[in-house]
Amino acid sequence: MGHVRDYDLSLTTQGPTYPPSEVMDEHGDFIVIGRVNRAGHDGRTRSEWGAAIVASDSPLPPFGENRPYTIVKELPLDPRALSQEDRARVLHTLPLPLPCANYPMVFAPEQCPEADLVRRPSHSFHQVPIPDLRPQDGPKLTEPVTLGQWVRAQGRLEVSLTHDARAARFFFEFDGLVPNSVYTIMSLREHDLNPAAPTRPGPLGVPNVFVTDDTGRSTYQAVMPHPFPAPGTPGGNRIVNIVVLFMSYQQSYGGAIGWFGLGGDIHAQLKLRQPGFQEFTTLP
């Protein structure tokens, strides 16, 4: 049973592999930093960590499967190697309904039970139509958010068990996030992406909100009850990853991770590349 461990979070723009990304550029293409689906030499689809510009009309398989993306342009995985042209790409939300999406989950069933019926265009992050906002209210994000700014994000996570091993504390430190913005953190559990019976992703603590300062720095912590049941526990649903989400509408949604989800209003920026926390076990 592990007791304390530190993790470095990885830069991303991706939740599940469909839609391929939770961020678009001004041309309506996905900006993917995460698992890129490509055709392997054996004809099978291989899904490896990488970066690319991906067409929004890429082939869409059934939920739980992968097919090669239609790649518009390869991008370097090292942010320092991005061209000036790519650094200047202005980041946008996904339009609604979400393109190239097969995830069947409704993210806010009590608040927005028919999210799939909403129609909305893509918006640049600094021009999202925040509900009830008036210019005199002083919006803080007023300049375009670019890919060059996005890739500066860094995050560290410390996980520790409580003394009785019935809960775990998650403590985060961030730098280089979008300044003066609302962020939230979601927990991804082992059955959330189960094709047979997916469970709804939830917040890592409620409220799960933090706000960055004018340099993009912040911290966050949460104590979660019994997040790591022993493998094979009946009804167990371990936390296997966390995702740091930029909230383009500058809102949080209580027990829901977002109103529309998956790039409509939540945008993954940091997470673990692989499922983690296997070294921890908590008690009921």
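The values are calculated or read from the model by the stated rules, or taken from the named source; none is laboratory data. Predicted model, so just to flag it, every value in this text is computed and none were measured. Cβ sites come from the backbone with ideal geometry, for glycine too, and all protein chains shown count toward neighbours. All accessible areas refer to the heavy atoms of the entire protein, side chains included, with ligands and DNA or RNA removed. Shrake-Rupley method; radii C 1.70, N 1.55, O 1.52, S 1.80 Å.
Please report the net charge: other residues with Cβ closer than 9 Å to the Cβ of Asn237, K and R +1, D and E -1.
0
When the dipole is taken about the Cα centre of region 132-187, and only Lys, Arg (+1) and Asp, Glu (-1) are charged at their Cβ, what size is it in debye, to the nearest 20? If you can, show how the numbers build up before the last one.
Values: 6 positive and 7 negative charges, 16 e Å.
The calculated dipole for region 132-187 is roughly 80 debye.
Could you check the simple spin-label distance between Asp78 and Arg44, using points 7 Å along Cα→Cβ, in nm with one decimal?
According to this spin-label approximation, the distance is 3.1 nm.
For Cα extents along the principal axes in Å, which listed value, [x] 49, 39, 38; [y] 49, 44, 34; [z] 56, 51, 41, comes from the coordinates shown?
For Cα extents along the principal axes in Å, the calculated option is [z].
For region 46-150, with all protein chains present and a 1.4 Å probe, just round the carbon and sulfur fraction of the accessible area to a whole percent. Please report the intermediate quantities before stating the final value.
Values: 3010 of 5890 Å².
Exposed carbon and sulfur together represent 51 percent of the surface.
Taking the Cα centre of the chain as the origin, how large is its charge dipole in debye, to the nearest 20, when only Lys and Arg (+1) and Asp and Glu (-1) carry charge on their Cβ atoms?
Working: 24 positive and 30 negative charges, 79 e Å.
Rounded to the nearest 20 debye, it is 380 debye.
Between region 206-277 and region 1-61, what is the separation of their alpha carbon centroids in Å?
18 Å
Mean separation of Cα pairs under 8 Å and 6+ residues apart, divided by the residue count of region 53-125: what relative contact order is that in percent? Please list the in-between numbers first.
Values: 74 pairs, mean separation 24.0, N = 73.
Here the relative contact order equals 33 percent.
Among 204-212, 118-126, how do they line up by average Cβ neighbours within 10 Å per residue, starting with the highest?
Sorting 204-212, 118-126 by mean packing, highest first, produces 204-212, 118-126.
With each pseudo-label sitting 7 Å past Cα toward Cβ, what's the Thr146-Val209 distance in nm, one decimal?
3.1 nm
Please list, ordered by chain and number, the residues whose modelled amide H lies under 5 Å from the amide H of Tyr69; skip anything fewer than 5 residues away on the same chain.
So Tyr69 has HN proximity to Asn37, Arg38.
Place the peptides 38-45, 171-178 in order of packing, highest mean first, counting for every residue the other Cβ atoms within 10 Å and averaging per peptide.
Listed from highest to lowest mean packing, they are 171-178, 38-45.
Could you tell me the calculated FRET efficiency between Ala196 and His27, based on Cβ-Cβ distance and R0 = 41 angstrom, to the nearest 0.05? Please list the in-between numbers first.
On the way: r = 36 Å, r/R0 = 0.89.
E between Ala196 and His27, to the nearest 0.05, is 0.65.
Between Arg87 and Arg169, 0.36 nm times their residue separation minus their Cα-Cα distance comes to what?
25.9 nm
Would you mind checking which residues have amide H under 5 Å from Trp49's amide H? H placed 1.01 Å from N; only 5 or more apart, or other chain.
Val36
Taking the Cβ of Gly15 as the center, what net charge do the other residues with Cβ under 9 Å away carry, scoring Lys and Arg +1 and Asp and Glu -1?
Numbers: positive: Lys271; negative: Glu22.
Result for the local shell: 0.
What size of dipole, in debye to the nearest 20, comes out for region 182-284 about its Cα centre when the only charges are +1 on Lys and Arg C-beta atoms and -1 on Asp and Glu C-beta atoms?
Roughly 160 debye, rounded to the nearest 20.
Of Gly216, Ser10, Gly64, which is farthest on the positive side of the dipole of the chain, counting Cα position, with +1 on Lys and Arg Cβ, -1 on Asp and Glu Cβ, and the Cα centre as origin?
Positive-most Cα among the choices belongs to Gly64.
Taking the Cβ of Glu26 as the centre, find all other residues whose Cβ is under 13 Å away and add up their charges (Lys, Arg: +1; Asp, Glu: -1). Before the final figure, lay out the partial values.
Details: positive: Arg89; negative: Asp25, Asp29, Glu85, Asp86.
Once positives and negatives cancel, what remains is -3.
Label points 7 Å out from Cα along the Cβ direction at Leu60 and Thr233: separation in nm?
3.6 nm
Of Leu82, Phe246, Pro225, which is farthest towards the positive pole of the chain's charge dipole, taken about the Cα centre with +1 and -1 on the beta-carbons of Lys, Arg and Asp, Glu respectively?
Toward the positive end, the furthest listed residue is Pro225.
Under 10 Å, Cα contacts only: if you run a Gaussian network model on the chain, which one of Ala108, Ala81, Ala52 comes out with the highest mean-square fluctuation?
Checking each option, the largest mean-square fluctuation is seen for Ala81.
Give, as ranges by residue number, the residues of region 202-245 whose backbone N falls under 14 Å from the point 7 Å along Cα→Cβ of Val4.
What the label zone holds, given the 14 Å backbone N cut-off, is no residue at all.
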